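Down below is the structure, laid out as structure tokens.
The values are calculated or read from the model by the stated rules, or taken from the named source; none is laboratory data. All figures in this text were calculated on a predicted structure; none of them were measured in a lab. Cβ atoms come from the backbone with ideal geometry, glycine included; neighbour counts cover every protein chain shown. For accessibility, only protein heavy atoms count, side chains too; no ligands or nucleic acids. Shrake-Rupley method; radii C 1.70, N 1.55, O 1.52, S 1.80 Å.
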Amino acid sequence: MAGSRRRFLRQLTGCTLLAATGCAAGRGAQGGRRKPNIVYIMSDELGYYELSCMGHPHFVTPNVDRMAEEGVRFNQALAGSSVCAPTRCCLMSGKHSGHTSVRKNDGGTPMREGEETVASVLKRAGYATGGFGKWGCGGRGSTGVPETHGFDVFVGYYDQVHAHSYYPPYIVRNSEEMPLEGNHGGSDGRTYSHYVIMDEALKFIRAHKDRPFFCYLPITPPHGIHNIPDDDPAWALFKDKAWPEPARRYAAMVNMVDRNVGEVLGLLKELDLQRDTIVFFCGDNGGMDYFRDKDHPRGFHGPNVHPKTGVALRGQKGNLYEGGLRIPMIVRWPGRIRPGRTSDLLWYFPDVLPTLAELAGAKVPPDVDGLSIVPELLGPDAAGRKQPQHEYLYWELSGQTAVRMGDWKAVRPRGRRGRNQPEPTWELYDLANDIQEQNDLAEKHPDVLAKMKAFAEKAHEEAREGTFHNRAIHERDRQAKFGFRKKADAAPAHALPEDGLIPRKQYKLVRASSESRANGKLAACAFDGDPGTWWHSKFQGTVDEHPHELVIDLGKPHTVRGFRYLARQDGGWNGAIKECEFYVGASPDDFGRPAARATLKKSKATQEVTCDAVTGRYVRLVALSEVNGQPWASVSELGIIGQ
Ligand SMILES: [Ca+2]
Ligand SMILES: [Ca+2]
């Protein structure tokens, strides 16, 4: 076994590695010391070989390399799943993908209410808990939002489609919108979201320097869209390479991530927290063969190809061969983790929760699948026991299944779609001798495969997802990827004709049923003369339902003959009014019977509703329904006809 283990490691690293041994220096250090701070940095899509310490000639990652020199680098740390959301749910819940609630990668599928996470476990142990980056375990408006799963604060993207843009009009902070100035979605904007997210993370660390904190950084780079600002120092290193631009942008994003790691480590040093803080750095799923061409069949940078030997892990992000699961993983804790070590411990994301819980002295929920790797990190002497090993590791994803048992790997790939296609069959590989998963041993070792299939059977339960109470704000986040300007640009905004209107400058708001303060859709926007601004009823947190109303003071009594209405002028319809009533009165509190009732059309053009002349100083517009049947109301512009 020892021989095969070494052979296995040589396949991966091209060199002989030191065996893992304990770290006697850490013995007893827990007693009397503060609980360790925990920083967990996870870079979205970063491949196993995409670090300069792995010998990759394209990448420049001095800070991560230094982390590896000062800590332990794992060469058999595997992702919880092979795509973003399911892997995050494994990481957060301590469960494998046969037990997790989020197994779809549609971007917003939620965890259930009350599910435990790393953050809820650490929070109970007295930790300040902050998350910064891409959540992926529940869209806004669902039971899966991070602030109900143990995070004091989470800043970034809840939905993964939203996260595709580094220039969205807003990101999210504890379910409230946090506007990013000058952004219009896609690659169009002035405020690079990742800078804001990193700033918030560093502020969080600084603010909690005097108590134990958990800083979770599931940052989006280098995931696409492959954007990095031209004035980022990382771009200067790559802009003149003779590579396709996306490949240059990608490498620059990796260097930026490395710089961010340096910023975190630098801040810990400045705050004198280095020896009190354990820092993890990893990828979230196996590398993707991005920017393939005929000369680069495994992607321009070859995230799963050993840069020196050419040994290639099979598959990539999205499947369950090694290329989909193997990730970079480095852990550093000066004084506690022996520096400069490489470990071949076989472990995966479900192990993170019990590991962090043990470090924090917190209780582990009974239903997790993971094992603490503290003995491997700190050494068996410091941990007081030997490192336990998994009997098996399990993955399922979109009809694919994989089981790992020691060096054995069983994979059942996705079947071909369509009728009369054969059922997919199980394959079996001996990774100690076949890291590229080329030699299927299923027929040669039916007994081994039978055992692993039995594990798979035992491991799978039907997924029980959480629920949404407000899909509209989730959909809004997904739309934010594209910004909200484009469609309005294509069809120029309508403006309300001013002729015959009581001058709108003299209108004053008396009251509104509700307004959306978090994103500035205030009631006063309904008569500010700007078709590009609008009033929207409140939809963050609790949703205010119909009827909605606006009550306006015209400044003095007027003869009123009706009103003109302009629906919101962006690409959306949320709140566009359908049935409504219009009142005129001498008092804002007693309007009597409506002067007009109307059903407005689903149109961006100005609509006019007239009534018999009524004299009054106050008008009231009541929205009874919305064009799409949703519970909200919105008005871009409202003008009162009369003298
Ligand atoms: Ca990912
Ligand atoms: Ca307006």
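Would you mind telling me the share, in percent, of accessible area of region 564-643 contributed by carbon and sulfur at probe 1.4 angstrom?
Exposed carbon and sulfur together represent 40 percent of the surface.
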For region 563-643, the dipole about the Cα centre with charges only on Cβ (Lys and Arg +1, Asp and Glu -1), to the nearest 20 debye, works out at 180 debye
If N is the residue count of region 347-491, its Cα Rg over 2.2 N^0.38 Å rounds to 1.50
Contact order relative to length for region 31-100, counting C-alpha pairs under 8 Å separated by 6 or more residues, stands in percent at 15 percent
Longest the chain segment clear of GluC sites (Glu not before Pro) sitting in DSSP loops (not H, G, I, E or B) with at most 10 other Cβ atoms within 10 Å runs 182-390
Taking a probe of 1.4 Å and leaving out DNA, RNA and ligands, the chain shows per residue an accessible area in Å² of 39 Å²
Carbon plus sulfur, as percent of the 1.4 Å-probe accessible area of region 397-545, comes to 49 percent
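Using Cα pairs under 8 angstrom and six or more residues apart, how large is the relative contact order of the chain, in percent?
Value for the chain: 17 percent.
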Note to self, the chain gives a 222 nm [θ] from helices alone (DSSP H runs n ≥ 4, -39500 (n - 2.57) apiece, / all residues, nearest 500) of -6000 deg cm²/dmol
The answer for the chain, counting only DSSP H helices whose Cα atoms cover 15 angstrom or more along the axis and whose Kyte-Doolittle average is -0.5 or greater, is 193-207, 245-270, 446-459
Counting Lys and Arg as +1 and Asp and Glu as -1 over every other residue whose Cβ sits under 9 Å from the Cβ of residue 367, the net charge comes to -1
Sorted on mean Cβ neighbours within 10 Å (highest first), peptides 287-299, 52-64 come out as 52-64, 287-299
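Regarding region 320-360, what whole-number volume in Å³ per residue does the convex hull of its Cα atoms give?
Spelled out: Cα convex hull of region 320-360, divided by residues, is 90 Å³.
Which percent of the Cα-Cα distances in the chain go past 41 Å?
Numbers: 73265 of 206403 pairs.
Here the long-distance tail beyond 41 Å is 35 percent of all Cα pairs in the chain.
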Candidate cut points under trypsin sites (Lys or Arg not before Pro) in region 394-480, DSSP loop plus at most 15 other Cβ atoms within 10 Å of their own Cβ, are 414, 416, 417, 419, 444, 464
The whole-number value in µm²/s of the Stokes-Einstein translational diffusion coefficient for region 92-155, with Rh from the Kirkwood sum over alpha carbon pairs at 37 °C and 0.692 mPa s, is 277 µm²/s
